[in-house]
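K.L.:
Below: one structure in structure tokens.
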Amino acid sequence: MTSFEGDVLLKNTADGGEMTFVNGQPLMTGGFETAAYLCLFGGNFEDDGLENNKKTWWANLNETVPHKKYISRFQNLARGLPLITGNLRRLEQAALADLEGFKDTGIAETIEVVAGIPRRNFLKLVIDINSPTGENSQTEFLVNWQAFSLESK
């Protein structure tokens, strides 16, 4: 019997989160990659990014602890913006807001998000999470903007 520790590693793709399997078993992670992915891309794709909204993710309906809700601020903002350098700061701020739960729970002392455009139609997010114990975790997401945004739909 195989024992699993951590979370199933989710990678973002053009059509959502994907798992990788090795010898029939899901690839696992002990880091923050999956939690960060769910904070940024989780929840309802039609969520308007507000605290109280009618299109919130179904699991938010009975959740009373704010940092446990997936609000989709980043996802909502990103789907409606053109990918230009003038929007990078807004995207970073939305991502930071969605990741605030890491600090609220004491998992992180500081969080930094840097957004860039490494090539046409791709957004790169680099997320540094520093724990109170001094541990640092860096996660990167590469987002295919044409597949992700409403602008291209």
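The values are calculated or read from the model by the stated rules, or taken from the named source; none is laboratory data. Just so we're clear, the structure is a prediction, and the values are computed from it rather than from any experiment. Reconstructed Cβ throughout: ideal geometry from the backbone, glycine too, with neighbour counts over all protein chains shown.
K.L.:
If only one of R90, R73, R120 is touching a residue at least 12 places away in the same chain (Cβ under 8 Å), surrounded by fewer than 16 Cβ atoms within 10 Å (Cβ to Cβ) and out of contact with any Ser or Thr (no Cβ under 9 Å at 6 or more places or on another chain), which one is it?
P.N.:
Among R90, R73, R120, only R90 is touching a residue at least 12 places away in the same chain (Cβ under 8 Å), surrounded by fewer than 16 Cβ atoms within 10 Å (Cβ to Cβ) and out of contact with any Ser or Thr (no Cβ under 9 Å at 6 or more places or on another chain).
K.L.:
Name the residue, out of K103, K11, that is modelled with pLDDT of 80 or more, of a type in the set (K, R) and in contact with a strand residue (DSSP E or B) (Cβ under 7 Å, 6 or more places away or on another chain).
P.N.:
Just a single option satisfies the conditions, and that option is K103.
K.L.:
So how many residues does region 93-117 have that are surrounded by fewer than 18 Cβ atoms within 10 Å (Cβ to Cβ), within 28 Å of E63 (Cβ to Cβ) and either among the small types (G, A, S) or touching a Phe, Trp or Tyr at 6+ places or on another chain (Cβ under 6 Å) (or both)?
P.N.:
Number of matching residues: 2.
K.L.:
Same structure again: What number of residues in region 100-114 are charged (D, E, K, R) and under 14 Å from Y37 (Cα atoms)?
P.N.:
Residues in region 100-114 being charged (D, E, K, R) and under 14 Å from Y37 (Cα atoms): 1 in total.
K.L.:
Next question, about the same structure. Which residues, taken from region 126-153, are under 12 Å from A78 (Cα atoms) and either assigned to a strand (DSSP E or B) or modelled with pLDDT of 90 or more (or both)?
P.N.:
V143, N144
K.L.:
Now for a different question. Looking only at region 76-87, filter to residues that are touching a Leu at 6+ places or on another chain (Cβ under 9 Å) and assigned to a helix (DSSP H, G or I); which one of those is surrounded by the most Cβ atoms within 10 Å (Cβ to Cβ)?
P.N.:
So the residue we want is A78.
K.L.:
Among the listed residues I111, I107, which satisfies the condition of being assigned to a strand (DSSP E or B), hydrophobic (A, V, I, L, M, F, W, C) and within 22 Å of S72 (Cβ to Cβ)?
P.N.:
Of I111, I107, the one residue that is assigned to a strand (DSSP E or B), hydrophobic (A, V, I, L, M, F, W, C) and within 22 Å of S72 (Cβ to Cβ) is I111.
K.L.:
Now, a different point. When residues of region 19-36 are filtered for being closer than 16 Å to E140 by Cα and polar (S, T, N, Q), how many remain?
P.N.:
2
K.L.:
Would you mention how many residues in region 106-122 are farther than 18 Å from E135 by Cβ and out of contact with any strand residue (DSSP E or B) (no Cβ under 8 Å at 6 or more places or on another chain)?
P.N.:
Selection size over region 106-122: 2.
Here is a yes/no grid of residues against (1) of a type outside the set (A, V, I, L, M, F, W, C); (2) modelled with pLDDT under 70:
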| residue | (1), (2) |
| --- | --- |
| T20 | yes, no |
| F32 | no, no |
| Y37 | yes, no |
| L40 | no, no |
| N52 | yes, yes |
| K55 | yes, yes |
| V65 | no, no |
| Y70 | yes, yes |
